[in-house]
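Report on the structure given below.
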Amino acid sequence: MQVVYCEDELLHNPPMELTRGEWKPYVESPKRLEAIKQVIDQYPSDFEVIQANDYSLKPILEVHPSDYIQFLTDIYHQWTQAGYPPDACVADTFASITRTVNRDVVKQTANSSLSGKLGFYTSDLSVMFMKDTWKAVYASAQVVLTAAHQLLLTSAPAIYALCRPPGHHASDAVAAGYCYINNVAVATRFIQNYTLEDMNKIKRIYNGNNDVNRTENIDKSNEKKKVLIVDIDYHHGNGTQEIFYDDPTVFYISLHGHPDYPYFTGSAQETGSGQGLGYTMNIPLLSTSTTDTIYLDSLNHALEDERVVRFNADIVIVSLGLDTWHEDPIAGMKGLQDPNTYKAIGALIKSSNGTKNRPVLFVQEGGYTIDKLGQLAVNVLKGFMEQ
């Protein structure tokens, strides 16, 4: 199996975060990616690590509006130029304080100050900006775009995008939960809107320059592939759900711990809206009592659900969170204690009626038990490969 990776993803490295009233070292650290790749490298006969290419900003702009991208690229420089602390570019007030004023008016007012921008385009204190945050975020998006391209180009059964920072909490114009660009959403629209010829046309060698002005003219594909997103991160992927909530070409499934971050979404009553009604499936699980067996039974039930089977996806994208492990420092299903459960997860994705015989793109999301991450990731991937 090919694994797509880029060293620039390691550049985002905030020193601290405020969690439940306590300052702690930033949990979403470069060590996460290094730990996974270290174990991947121990299996050269199973995994081929390839470097990311560069597909420009254009596919990212299929999901995220240009003003939001401009904010991500500029905010740290503006912050430090104004004389604020270089290790603390983070919001302290959020746009949710007003619900009656028109959002366009709020945005106009917010953009008149740095704190306003931060509070408008982010939603919690986990979203911090450092000198090279945008480089890492851009690299992470190019990793998933490379993986999506390779998946279609090679007709491989699966490919693994080793992304960091993660993405599933980012909505179209709000960063949250360590997430800035929604990698899974970007890959979904890339697969749906671009032909292989289009992908080949915009592909460049990645050199770290992330030229924000480079765009190519692409005629969008008329063929809208159906994409099934299976989110097995411990936390509900509120951003992914929001982006596709009214879209019948994307079926979103999430198994997640309840009650927990992001606290306001992820109930079973959330099933989509408009034309997308019925294409969202949330399975909240009690973190204190969910065992290996309960988790696997829940995943199996979701992937065998008649609505998922009837959807008949062309592509499956897995938001691969590894923070369900019981020892995870900020998450964890307390009953998920068998590493072989992760092999079984991979096997279910390979064999279930809702997912079998479809190409699968695994996209790294959360997971913070540094000494276990690599083996858990390998277990999922090998469980898929060996099924």
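Sort M128, M385, M1 by accessible area with a 1.4 Å probe, largest first. Numbers along the way, then the final one.
Values: M128 5, M385 70, M1 40 Å².
Largest accessible area first, the residues go M385, M1, M128.
If I model a spin label at D172 and A156 as a point 7 Å from the Cα along the Cα→Cβ vector, what separation in nanometres do I get?
3.2 nm
May I ask for the Kirkwood hydrodynamic radius of the stretch 219-378, worked out over all distinct Cα pairs and given in angstroms to one decimal?
On the way: mean 1/r = 0.0635 Å⁻¹.
This gives a value of 15.8 Å.
Mind giving me the nanometre distance, one decimal, between the label points for S267 and K226, set 7 Å out from Cα along Cα→Cβ?
2.9 nm
I'd like the Karplus ³J(HN,Hα) series for the stretch 282-293: coefficients 6.51, -1.76, 1.60, θ = phi - 60°, whole numbers in Hz, and an x wherever there's a Gly or Pro.
Along the stretch 282-293, the couplings run 9, 10, x, 10, 5, 5, 7, 10, 7, 9, 4, 5 Hz.
With an 8 Å cut-off on Cα pairs and a minimum separation of 6 or more residues, tell me the relative contact order of the chain in percent. Mind dumping the intermediate values first?
On the way: 838 pairs, mean separation 69.4, N = 387.
For the chain, the relative contact order is 18 percent.
Extending each Cα 7 Å along its Cβ direction at T100 and D246, get the distance between those two points in nm, one decimal.
Using points 7 Å along Cα→Cβ, the separation is 2.5 nm.
Rg to Rh ratio, the chain, alpha-carbon atoms and Kirkwood radius?
Reported Rg/Rh (Cα atoms, Kirkwood Rh): 0.94.
In the stretch 4-82, if every C-alpha pair distance is counted and binned at 10 Å from zero, what percent goes to each bin?
13, 28, 37, 19, 3, 0
What's the magnitude of the charge dipole for the chain around its Cα centre, counting Lys and Arg as +1 and Asp and Glu as -1 at the beta-carbon? Answer in Debye, nearest 20. Don't skip to the answer; put the middle values down first.
Numbers: 31 positive and 46 negative charges, 92 e Å.
So the magnitude is around 440 debye.
Give K117/K225; K201/K225; K31/K226; K135/K382; K135/K226 a once-over and call out the pairs whose C-alpha atoms are over 24 Å from each other.
Values: K117/K225 36 Å; K201/K225 20 Å; K31/K226 35 Å; K135/K382 31 Å; K135/K226 31 Å.
Flagged as over cut-off: K117/K225; K31/K226; K135/K382; K135/K226.
Pulled fully out, how much extra length does the chain show between Q81 and R204, if you take 0.36 nm times their separation in residues and subtract their Cα-Cα distance? Mind dumping the intermediate values first?
Numbers: separation 123, 0.36 × 123 = 44.28 nm, distance 3.23 nm.
Gain in length upon complete extension: 41.1 nm.
With every protein chain left in place, what is the accessible area of T100 in Å² (1.4 Å probe, nearest 10)?
Looks like 130 Å² after rounding.
Which value, in debye to the nearest 20, gives the size of the charge dipole of the stretch 6-57 about its Cα centre, when Lys and Arg are +1 and Asp and Glu are -1 at the Cβ? Please report the intermediate quantities before stating the final value.
Details: 5 positive and 11 negative charges, 69 e Å.
With Lys and Arg at +1 and Asp and Glu at -1, about 320 debye.
With a cut-off of 13 Å, note down the residues of the stretch 242-278 whose backbone N falls inside the zone around a label point 7 Å from the Cα of T288 toward its beta carbon.
Only 258-260 pass the distance filter.
Which value at 222 nm does the chain reach when only helices count, each DSSP H run of 4 or more adding -39,500 (n - 2.57), with the total divided by all residues and rounded to the nearest 500 deg cm²/dmol?
Numbers: 12 runs with 137 residues, N = 387.
Value at 222 nm, helices only, nearest 500: -11000 deg cm²/dmol.
In a Gaussian network model over the chain where Cα atoms closer than 10 Å are linked, find which of V143, V101, V363 has the largest mean-square fluctuation.
In the Gaussian network model the winner is V101.
The values are calculated or read from the model by the stated rules, or taken from the named source; none is laboratory data. From a predicted model like this one, the values you see are computed outputs, not experimental measurements. Backbone-built Cβ (ideal geometry, glycine too); neighbour counts: all protein chains shown. Note: accessible area is taken over every heavy atom of the protein model, side chains too, but ligands, DNA and RNA are not part of it. Shrake-Rupley method; radii C 1.70, N 1.55, O 1.52, S 1.80 Å.
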